[in-house]
Amino acid sequence: MFRPCTLMPLFLLLCTLVYPTPNRDPSTMKMFSVAHKTAFVVDHCPYMAESSRQQVECDVLTKSRAQGVIPLAPVSKSLWTCAVECSMEYCRILYDVYPLNKLINYIVSDSEFHILNTWRQEDQSTHELMSALAAVGPPNPREDPECCSVLHGLVAAVESLCKLTELQHEQRTVLMDTAERVANRGRIICLTNAKSDTHVRMLEDCIQETLMDQNKLAAGSDRLMAIQQCELVLVHIFPMGEDALVSDRPKKEISPLLTSEVHSVRAGRHLATKLNILVQQHFDLASTTITNIPMKEEQHANTSANYDVELLHHRDAHLEFFKSGDLHMAGSTSRDSGLKETVTLKWCTPRTNSVELHYCTGAYRISPTDVNSRPSSCLTNFLLNGRSVLLEQPRKSGSKVISHMLSSHGGEIFLHVLNSTRSTLEDPPSISEGCGGRVTDYRITDFGEFMRENRLTPVAETAPNPGGRFPADRAKAQLERYTRYWPMIISQTTIFNMQAVVPLANLIVKEALSEEDVLTCQKTVYNLVDMERKNDPLPISTVGSRGKGPKRDEQYRIMWNELETLVKTHAAGSERHQRVLDCIVACRSKPPEEEERKKRGRKREDREERPDKNGTKEPEDRAWQDSERLKGALEKEEQESEVIKDSPDSPEPLNKKPRLAIEEVQPSEKAKGPVSLLALWTNRITVANSRKHQEFAGRTSSVNNKAELYQHLKDDNGMDVHENGKASR
Amino acid sequence: MPTVVVMDVSLSMTRPVSLESSEEFQRKNLAVHGLTMLFEHMAANYRLEFTSLVAFSSLWELLVPFTRDYNTLQEALSNLEDYDKTCIESALNGVSNVVQQEWGSSCPCQVVLVTDGSLGIGKGSLRHSLQTLKQRADDKKFPLPFPFPTKMFIMCVANSEELQTTDAMDNLEELLRLSGGDGQIFTMEGQLCLKSVQAMFGRLIDQAYSPFHAVLHCGNLSSDVQVFPRPEPVVVDDEVDPMPRVVNTDLEIVGFIEVGDISSPPVTSRHLVLPIAVIKEAEDVSTGAAEEPEEEVSASQMAGKSPNFCVLLHGSLKVEGMVALVQLGPDWYGMLYSQADSKKKSNLMMSLFEPGPEPLPWLGKVAHLGPISEAAENPYGEDDSKSPFPVQPSIKRSYAQNVTVWIKATCILLHRLTFQRRPRPSIR
C-alpha cells in the first residue's frame, strides 16, 4: 500500500525549516457577524406534505430474489422531508466545523410557530434538533390551509434574533462601558413553498415591519438587543417536474437593516446541493478533495483501490492558494456543473508521527461532505484512531510540496496548514554559541525530572478554587516553590547530587506537608547525620576548586549549609516546614570542641594555600598529583577499614587516620617555601611507609606534629550529643 | 520579517541641499547617510534580519537580493547611480515580485521606501497612479495591497512643510492606506542636514528595528532574552476588542506538556529566543546578544561560561521531548521548544498561539490547566503510559457518531445494506 517513498527527502527538509506568519483574514476577526446567529424557519403547512417526485428506487435486490416475488414500488419523499433533511445537513456541517458560537435556532411554522431549541450552547446539536423534529412529525394534510403560514415562523425568528446569546451576554458583561461594541446581527434561512414573487415580497415586507417593531421593543429592554443587520435567505422549494413560480434573485438591500435573496430550487438532490453551497458561503467554508487514498476491501485483503474523499473546512486553509493565485495549480476542479469548487490534495506516504512538531500556521475543523459514504467513513475512522497523514499539493511544474496535514485531536479531525515557503529564521546561531553555551554540566536530567513534575493537566472548572485563583496560577505558584533553590549546574550543588537527600528535596517543595512528610524529612536528616558520623564520602564537585577540593568535614559543612538554604526558602510556608528546618539546625550543631577542631583544620588549609601564592606552582602541582594518586589508593583502604569503623565502640579520632597521615606531614614542610626534590622524595617514602603500618592514633590526629592527649574524654561528650539526637527521633 | 529597502535614484534626488556650511550635499547623500546608519544598526543589533535593496526610477532594479551581509548592502549604497524620473508604481511591482519569489505570499515584510517627496510627473507618477486606480484591467492592477502582510515605512528626505506645498503628502498617505495602513511616513524636522536625517532614521530604528528584550521566567529561575523577530501586536477582533495586544516583556512559564500532547498546534508566528548577558550600564545594547561582533568576543566568551537558564531549559526540553507553555499576556499563550535545523544546530524557539483563553481545543482552556500534583492520581500514570490530553469535546462530531444522512438515494440503500454485512474498506 505504500507508494515508493521518493518524497522522503523533501518531507524531511520541510519539517526542519521555519516559516513566518500567515496573513489573517480580516473577515474572520468579528465575533458577532451575521454568522453568529442563524434562524431556520421551515414551513410545516399542509402543502409541504406534497411529494417531491424524486423517486427512490427500493428494489435493488431483485436479482438475488427468487422468482414470483412482486418488486417493490419506488417511493418519493415529501417536500417537508426534503427540507428537513437538507437543513439538518446544513446544521451537521456547521456544528462539525464550528462547535462553538455559531448558533442555530430552529423554528417550524404551520398554524402557529414551534421553536425547537434556544440559542444556548447545550441546545446546539443535531441530536437535539432531530429529537425535536421527530416530535413535530410530518405536516398534517388535513389542517386548515387558511390559518397556516410560514409568516408565524418568520415573526418568531425576528423576535428570537433579538434575544441575547450566551456569548453576547458574557461579552456585554465583560466590556461594561463599551458594551455597545457587542453587535447583534443575524440571518434567517426560510425553507418554504411560496406562491409567487408577490408572495415573497409580502414576506419580506412583513419581516421588515417586525424588525422595526422588535427593535423599538428591544430599545427599552435589558434582555433584548436591537438587530443591526439581518440577512434573509429565502429558499423556495418546488416538486420535480413543476415550473418554478418564484424567480431567483441575488442579494438586495431592502432597508439598511435587511437584505434579502431568493433561491428557487427543486426538491431532492438540487435542494441538498443548494444548501451545501449556502452553508459554505455563509460560514466561509471551502472544499478539499483528498485523492489517491489507498484502501483495501475487507473481503479482498489483497486488492487495493484508490478513493477520493471530499471535506469541508474554513476557507483560510486555502489562503495560501488564494493569495498566490495558485488555485488552478492546486488542482482546483469544478464539479456539479460549475457550482462548486474543490481543491485537490494528494494522500501522501510516508505518514508522520505524532511526536514531531510541525510548523503549522492554522488548524481547521473538517466535516466530510458525504459523511456516510464508505471511503469517507474509512478515512475518518483511520484518522480518529490517532493517525495523521500529510497531504501534498500538486503543482503545475510537476514539483510537489507538502502543504497540509490531517490529524485528529480528541475525536475531532483538523486540517492543519503546514508552511511550505522559505524561512526567515534559517541558519540561526546555535544555542551553544550564545550565553551559557560553553557550560557543560547543566543538570539536564534533573530539570527534565522537574519538568515532568510540573506537567499540566486539565482541572475541572467545578473543582474547588483555593484563593479564587485559576489552576494555571496554581501551576505557576508551584513552579515558584520548586525553584526557590535550584542550582543550574552540577558543580554548584552537593545535595541534589546525593541520593540520600532526594526524599526531603521532593517533599519540602510541597505547599502543605503532612505529619508523615515531616517524619520522612527528619529521617532524611538523621540519615545524613549518620553518614557524617560514618564519614561517608560526599559527591562534592572538585570543578573550580583546585586539586582535591575541600576536606570531608568541610564538605559536610557545605552540604549542611546548602540543605539549610534549601529548607529555609520554604520554612515560612507552614509550621511543618519550619519543623524540618529546626530539625536540620539542631542536628548539624556540633559540640564546641569539634567546631574548634574544624576551625583549626581550616587554618591548616589556609596555610596550605599560601605557598601556592609564592609562585611555587609547578612542583606543588606535581606534589598534588602524587598525593592525589595516593589519595585514590587510600580512599580504597578507607572503604575497607569502614567495616571496622562501623563498630560503635571504636573511637572517633581513628576515622581520619589515613588521610591525615599525608596531609599533616606536608604542610610543615611546605610552609618553609619551595618544595625541594628531597622533600618530595621524603614525602613519598613517608607516605609509602605509613601504609605499611598502623599510624599512632595520636600522630594521625596531631596538629603540626603535636598531639593532644586524652582526647577521648572530650569526644565522649560529642558522642552524647549524637545520642541525644537519636533519642529525639 | 524581511525588509526591502526601496531607494529612489531619480534625478530629483540629486537636488542639492542648501546649507550654510562649505560642503554641499545632495538629497541622495543624505538618504545614503541615513540608510548607512540603518544598516550599521541592523548589523550590530538586528543581524538575523534579511534585507534586500531595490533601486528605482522609471524602472526598478534589484541591487542586492535578501541577505544578512550588511557589507554588501553598504557597498551597493555607495555605488548608486542617478537615473531619470520617479515611478513608485513600478517600484512597488518590483517589491511585490522580489518578496513573493523569495518568501511566498504569507510572510510579513517591511518595506522602507526612501524618496524625496517629488513623486514623478505625468504618466507613471504616483498622482497619476492613484487617480487611475479604479480604471484598470485585471492584469494591470495597482500592486497595493501586497498579497503578503506589509509594514510600509516611507522615509521622505524632505520636511513636512515642503511636502504640504504640493499634494505629495496626501498621495503618500493614500499610498500608506492602500498598503494596509500598517506603517508610517517619516519626514525630516527642520533643516535638511546630516543631523536631521539621522534623527529621522533613528525614529525608524526605534519603531521597527530595536531588538525585543524580555525576561523568561520559570518560577525563580530566569534569563534575559532577545526575541527575534520582534513579536508584532495582534488585534483579536476589531469590533469587540480593537486594542492591539502586545507581548509582555516578562514571559512566564506556566508548566510543561509533552510534544505528542500539544501535537503540532497552529501558531501565528515563531521566534528565536536568544539568551543575552545582563546589559551593563551605559553599554551598547548589543553586548551579549547572541551574534557578537568580533571585538567583543572576550565579553561573549565570558557570557558563554556562566550558566544560563535558557540553555538548561533548551537541553531538557530537547531530551524529554516536551514543550513549555508560556504566558505572553492576559489570555495569550505560546510555547517554548527546542528546534533543530538541518545542520544539527539547535535552538530555543517560541511559537505564539492565537490570543484567547482557549487557543488549542485539545488542551481546553489554558487557565484551567493545573499542576498534576493537584490531581487525585497522576493523570500521566505512574509509568507515563497515560495522558490527560487531548481533551474530548462534549459533543461528538458527526463523523465520530453513527449519524445517517439520507439525502442521496444511494445512502438509503447503503443503510439497508449495512444490515447485510456491507463490505468496509480500510486504509492500511
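The values are calculated or read from the model by the stated rules, or taken from the named source; none is laboratory data. Nothing here was measured: the structure is a model prediction, and the numbers come from that model. Here the Cβ is made from the backbone with ideal geometry for all residues, glycine too, and neighbour counts use every protein chain on show.
Structure values in brief
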| read-out | value |
| --- | --- |
| Residue identified as small (Gly, Ala, Ser), modelled with pLDDT under 65 and surrounded by 15 or more Cβ atoms within 10 Å (Cβ to Cβ) among B:400, B:409, B:375 | B:409 |
| The stretch A:106-123 residues that are free of Cβ contacts under 8 Å to residues at least 40 places away in the same chain and of a type in the set (Gly, Ala, Ser), paired with ones that are buried (at least 16 other Cβ atoms within 10 Å of the Cβ) and in a helix (DSSP H, G or I) (beta carbon under 9 Å, 6 or more apart) | none |
| The stretch B:16-49, residues that are at pLDDT 85 or above, outside any helix (DSSP H, G or I) and under 16 Å from residue B:82 (Cβ atoms) | B:26 |
| Scope the stretch B:240-269; condition free of Cβ contacts under 8 Å to residues at least 40 places away in the same chain and more than 11 Å from residue A:356 (Cα to Cα); matching residues | B:240, B:241, B:242, B:243, B:244, B:249, B:250 |
| Selection count, the stretch A:485-510, where residues are more than 19 Å from residue B:316 (Cα to Cα) and assigned to a loop (DSSP other than H, G, I, E, B) | 4 |
| Matching residues, the stretch A:271-289, being away from chain B (no Cβ under 11 Å), in contact (Cβ under 8 Å) with a residue 12 or more places away in the chain and within 30 Å of residue A:402 (Cβ to Cβ) | A:277, A:279, A:280, A:283, A:284, A:285, A:286, A:287, A:288, A:289 |
| Given (1) within 14 Å of chain A (Cβ to nearest Cβ); (2) of a type in the set (Ser, Thr, Tyr); (3) touching a residue at least 60 places away in the same chain (Cβ under 8 Å), number of the condition residue B:105 does not satisfy | (3) |
| Subset tally (residues that are within 35 Å of the chain's Cα centre (by Cα) and either among the charged types (D, E, K, R) or not assigned by TED's automatic domain parsing to the domain that holds residue A:224 (or both)) for the stretch A:143-179 | 4 |
| One residue from B:286, B:222, B:263 being hydroxyl-bearing (Ser, Thr, Tyr), modelled with pLDDT of 90 or more and buried (at least 16 other Cβ atoms within 10 Å of the Cβ) | B:222 |
| Complete set of residues in the stretch A:196-236 that are within 23 Å of residue A:278 (Cα to Cα), in contact with a helix residue (DSSP H, G or I) (Cβ under 6 Å, 6 or more places away or on another chain) and part of a helix (DSSP H, G or I) | A:207 |
| So residue A:539, is it within 14 Å of chain B (Cβ to nearest Cβ), not in a helix (DSSP H, G or I) and not acidic (Asp, Glu) | no |
| Condition check for residue A:190: surrounded by fewer than 19 Cβ atoms within 10 Å (Cβ to Cβ), under 30 Å from residue A:79 (Cα atoms), touching a helix residue (DSSP H, G or I) at 6+ places or on another chain (Cβ under 9 Å) and at pLDDT 90 or above | no |
| Residues being at positive phi and modelled with pLDDT of 90 or more - total across the stretch B:60-116 | 0 |
| Subset tally (residues that are within 47 Å of the chain's Cα centre (by Cα), acidic (Asp, Glu) and farther than 17 Å from residue A:183 by Cβ) for the stretch A:223-246 | 0 |
| Residues that are assigned to a strand (DSSP E or B) and either within 11 Å of chain A (Cβ to nearest Cβ) or among the hydrophobic types (A, V, I, L, M, F, W, C) (or both), drawn from the stretch B:326-341 | B:326, B:327, B:328, B:332, B:333, B:335, B:336, B:337, B:338, B:339, B:340 |
| Filtered residue count, the stretch B:365-379, keeping only those that are within 7 Å of chain A (Cβ to nearest Cβ) and more than 28 Å from the chain's Cα centre (by Cα) | 9 |
| Residues located in the stretch B:230-261, provided they are under 30 Å from residue B:318 (Cα atoms), facing chain A (nearest Cβ under 10 Å) and outside any loop (DSSP other than H, G, I, E, B) | B:234, B:252, B:253, B:254, B:255, B:256, B:257, B:258, B:259, B:260, B:261 |
| Candidate set from the stretch A:78-123 (those that are touching a His at 6+ places or on another chain (Cβ under 6 Å) and among the charged types (D, E, K, R)); member that is nearest to residue A:160 (Cα to Cα) | A:112 |
| Close pairs (7 angstrom Cβ cut-off, 6 or more residues apart or separate chains): more than 7 Å from every other protein chain (Cβ to nearest Cβ) in the stretch B:384-409, part of a loop (DSSP other than H, G, I, E, B) anywhere | B:386/B:379; B:386/B:380; B:387/B:380; B:389/B:362; B:389/B:363 |
| Long-range neighbours under 7 Å by Cβ, at least six apart or interchain, first residue more than 14 Å from every other protein chain (Cβ to nearest Cβ) within the stretch A:256-270, second assigned to a helix (DSSP H, G or I) and not small (Gly, Ala, Ser) | A:257/A:211; A:258/A:207; A:258/A:208; A:258/A:211; A:260/A:204; A:262/A:200; A:263/A:274 |
| Residue check, residue A:565 at pLDDT 90 or above, closer than 16 Å to residue A:505 by Cα, crowded, with 16+ Cβ neighbours inside 10 Å and not acidic (Asp, Glu) | no |
| Residue check, residue B:323 more than 7 Å from every other protein chain (Cβ to nearest Cβ) and β-branched (Val, Ile, Thr) | yes |
| Test: residue in the stretch A:134-147 that is surrounded by fewer than 17 Cβ atoms within 10 Å (Cβ to Cβ), on the phi > 0 side of the Ramachandran plot and among the polar types (S, T, N, Q) | no |
